[in-house]
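The values are calculated or read from the model by the stated rules, or taken from the named source; none is laboratory data. Computed from a predicted structure; not experimentally measured. All Cβ positions, glycine included, derive from the backbone under ideal geometry; neighbour counts span all protein chains shown.
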Amino acid sequence: MLQDLMKEHGIEIEPEELEKVRAGERQRDDERRHPCAVAGSEYAKAVGGWFGSARPRLQERGEMLASQLRMALPSADPHGDARRLGDATEVIQWYQHQIVVKLMRAIGSVRREEERDLCLDGSDADGSAKVALIGIDRSLAAWSELLRQLPDEEDRILSLLAALSRLSRDVEAAFPGARAFVRPGFDTGDAAGV
């Protein structure tokens, strides 16, 4: 249909350019099918599902913390728990999709270097994989906090923790230099590298 519309309006694309577009589409499909990208996508969907169904439990927890605050119980820390609960949900939702996006960039960087027969140091791939690993680490900590505060969600949260742990292991295997990669301006404090 697009080709018919283009012909109708006198737009012509050179076959070489069309092949470049198709090659880029095939590459993105390959990146999406990489085991790490598949696992990252499945995790993102599972997070969305969890938040969709856990909304009542989160509201319940908020009401319980508000009640603890009104009662001024000496053994409770409703302010701290509310802050930690809010921080944990923000962290999880911040990295929910970013993890897979960074993994796909890392996967694509490796492929581009291989296709161009470049002898690069893999810094783009390792840097992107490191950002994904940081997101995984922070998400693991955030899920642990949610598990502490929502023990009734244990089975579902443990499942998400297990998925993230497996993904972390697989990313480290696929990108062995990622954890050691030094991001200028972030890991060094050198603002010139930003």
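One line per residue, one yes/no per condition, for (1) in a helix (DSSP H, G or I); (2) in contact (Cβ under 8 Å) with a residue 60 or more places away in the chain; (3) touching a Leu at 6+ places or on another chain (Cβ under 8 Å):
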| position | (1), (2), (3) |
| --- | --- |
| Ala125 | yes, no, no |
| Arg138 | yes, no, no |
| Glu145 | yes, yes, yes |
| Asp155 | yes, no, no |
| Leu160 | yes, yes, no |
| Ala163 | yes, yes, no |
| Arg166 | yes, yes, no |
| Arg169 | yes, no, no |
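Test each condition in (1) modelled with pLDDT under 95; (2) out of contact with any helix residue (DSSP H, G or I) (no Cβ under 8 Å at 6 or more places or on another chain); (3) not hydrophobic (A, V, I, L, M, F, W, C) for Gly108 and report the one that comes out false.
Failed condition: (2).
What is the number of the single condition among (1) assigned to a loop (DSSP other than H, G, I, E, B); (2) modelled with pLDDT of 80 or more; (3) among the hydrophobic types (A, V, I, L, M, F, W, C) that Ala37 does not meet?
(1)
Considering each of Gly177, Gly185, Gly135, Gly127 in turn, give the residue that is over 30 Å from Gln59 (Cα atoms) and buried (at least 21 other Cβ atoms within 10 Å of the Cβ). It would help to see each step written out before you state the result.
Details: Gly177 fails: buried (at least 21 other Cβ atoms within 10 Å of the Cβ); Gly185 fails: buried (at least 21 other Cβ atoms within 10 Å of the Cβ); Gly135 fails: over 30 Å from Gln59 (Cα atoms).
Matching residue, one of Gly177, Gly185, Gly135, Gly127: Gly127.
For the range 71-108, how many residues meet the condition of being surrounded by fewer than 20 Cβ atoms within 10 Å (Cβ to Cβ) and of a type in the set (Phe, Trp, Tyr)?
Final tally of qualifying residues: 1.
For every residue, the table says whether it meets (1) within 18 Å of the chain's Cα centre (by Cα); (2) modelled with pLDDT of 95 or more; (3) more than 19 Å from Ala44 (Cβ to Cβ).
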position: Val91; (1), (2), (3): yes, yes, no
position: Met104; (1), (2), (3): yes, no, no
position: Asp117; (1), (2), (3): no, no, yes
position: Gly127; (1), (2), (3): yes, no, yes
position: Leu160; (1), (2), (3): yes, yes, no
position: Leu164; (1), (2), (3): yes, yes, no
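Restricted to the range 70-89, and to residues that are modelled with pLDDT under 85 and touching a helix residue (DSSP H, G or I) at 6+ places or on another chain (Cβ under 7 Å), which residue is nearest to Ile157 (Cα to Cα)?
Pro78
Is it the case that some residue within the range 48-56 is surrounded by 14 or more Cβ atoms within 10 Å (Cβ to Cβ), under 15 Å from Pro151 (Cα atoms) and basic (Lys, Arg)?
The answer is no, given that none of the residues of the range 48-56 is surrounded by 14 or more Cβ atoms within 10 Å (Cβ to Cβ), under 15 Å from Pro151 (Cα atoms) and basic (Lys, Arg).
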